[in-house]
Amino acid sequence: MSTLSSTDIANLALARVGETTISNIDTDTSVPAQKCRLFYAPDRDALLEAYWWRFAAGRASLAQSVSTPSFEYDYAFALPNDFLCLRTIWDECADGGNLPYTCAIEGQFILSNESTMKIRYTKRITDTTKFSEQFIQCLKTRMALDLLYALSRKSAAASADRLQIELDKLLVEAKMATLAEQNRVGRYNRTTWNDARRGYTDTSLANLGS
């Protein structure tokens, strides 16, 4: 994981737009530092929401709230304090565990007609030592995009186009790296394509293997 601080990440972004570095993102009174404070947390959280980063992955079995919805849903479940966005809802089933439950997120609660609730979600991670290197590359590029205009850099539009292309490329690389390391179902638990072709009834497309 990373050894960089939020100040280090801000300085990487400032360097991309040709600006001098800052001493501390939280206490520095310079204009660049003020702009970095303005963008850092929103850009970090938006980037966390944009992709299923492994370092920000969380699981939780939610407890029913004593308060219930007044209509439409039977139960309410309090979301974790570090909840940023929902990824999947889990159910013990033969199709890999993910079912398209009808639910709604309202405020700090998820509403459902199911009496239990297990979720996979993205955590709001503020500790920079937990960031992956790919996330840092994306974050400093996203901040550089915002800083271009905030610091009135010359040729901001042309530079922004280049940075956006770079950010898009970095996100694609991050997704490919995640897929390369992912193994959702163990090899000996997977149904083969030959089984699917022969019409075995327990075949799930989510579990198909080689």
Does segment 113-135 hold any residues that are among the β-branched types (Val, Ile, Thr) and either surrounded by fewer than 18 Cβ atoms within 10 Å (Cβ to Cβ) or more than 13 Å from ARG44 (Cβ to Cβ) (or both), and which are they?
THR116, ILE119, THR126, THR129
Looking at segment 84-107, can you tell me whether even one residue there is touching a Cys at 6+ places or on another chain (Cβ under 9 Å) and under 30 Å from ARG162 (Cα atoms)?
no
Is there any pair with a first residue in segment 59-77 that is in contact (Cβ under 8 Å) with a residue 12 or more places away in the chain and a second that is of a type in the set (Lys, Arg) whose Cβ atoms are under 6 Å apart and which are 6 or more apart or on different chains, and what are they?
ARG59/ARG120; SER61/LYS118
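Return a yes/no flag: does segment 32-52 have any residue that is in contact with a strand residue (DSSP E or B) (Cβ under 7 Å, 6 or more places away or on another chain), in a loop (DSSP other than H, G, I, E, B) and touching a residue at least 24 places away in the same chain (Cβ under 8 Å). I'd like the intermediate steps shown before the answer.
Of segment 32-52, the ones in contact with a strand residue (DSSP E or B) (Cβ under 7 Å, 6 or more places away or on another chain) are 45, 48-49, 52.
Filter once more, keeping what is in a loop (DSSP other than H, G, I, E, B): 52.
Still in the list and also touching a residue at least 24 places away in the same chain (Cβ under 8 Å): 52.
Yes, segment 32-52 contains at least one residue that is in contact with a strand residue (DSSP E or B) (Cβ under 7 Å, 6 or more places away or on another chain), in a loop (DSSP other than H, G, I, E, B) and touching a residue at least 24 places away in the same chain (Cβ under 8 Å).
Scan segment 30-71 for residues that are among the β-branched types (Val, Ile, Thr) and in the same structural domain as ALA104 (by TED's automatic domain parsing) and jot them down. Walk me through how you get there before you give the answer.
Step one: list which residues in segment 30-71 are among the β-branched types (Val, Ile, Thr), which gives 31, 66, 68.
VAL66, THR68, listed by residue number.
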Tell me which helices (runs of 4 or more DSSP H) are completely within segment 127-210 and hold 1 or more residues being touching a helix residue (DSSP H, G or I) at 6+ places or on another chain (Cβ under 9 Å), at pLDDT below 75 and over 25 Å from SER30 (Cβ atoms), or say none if there are none.
156-181, 193-197
Members of segment 90-112 found to be over 30 Å from SER2 (Cβ atoms), modelled with pLDDT of 90 or more and not aliphatic (A, V, I, L, M), listed by number
GLU106, GLY107, PHE109, SER112
Anything in segment 32-89 that is at pLDDT 95 or above, more than 30 Å from THR21 (Cα to Cα) and of a type in the set (Lys, Arg)? List them, or say none.
ARG59
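The values are calculated or read from the model by the stated rules, or taken from the named source; none is laboratory data. Just so it is clear, the structure is predicted and the values come from calculations on it, not from any experiment. Every residue, glycine among them, receives a Cβ derived from its backbone with ideal geometry; neighbour counts consider all protein chains shown.
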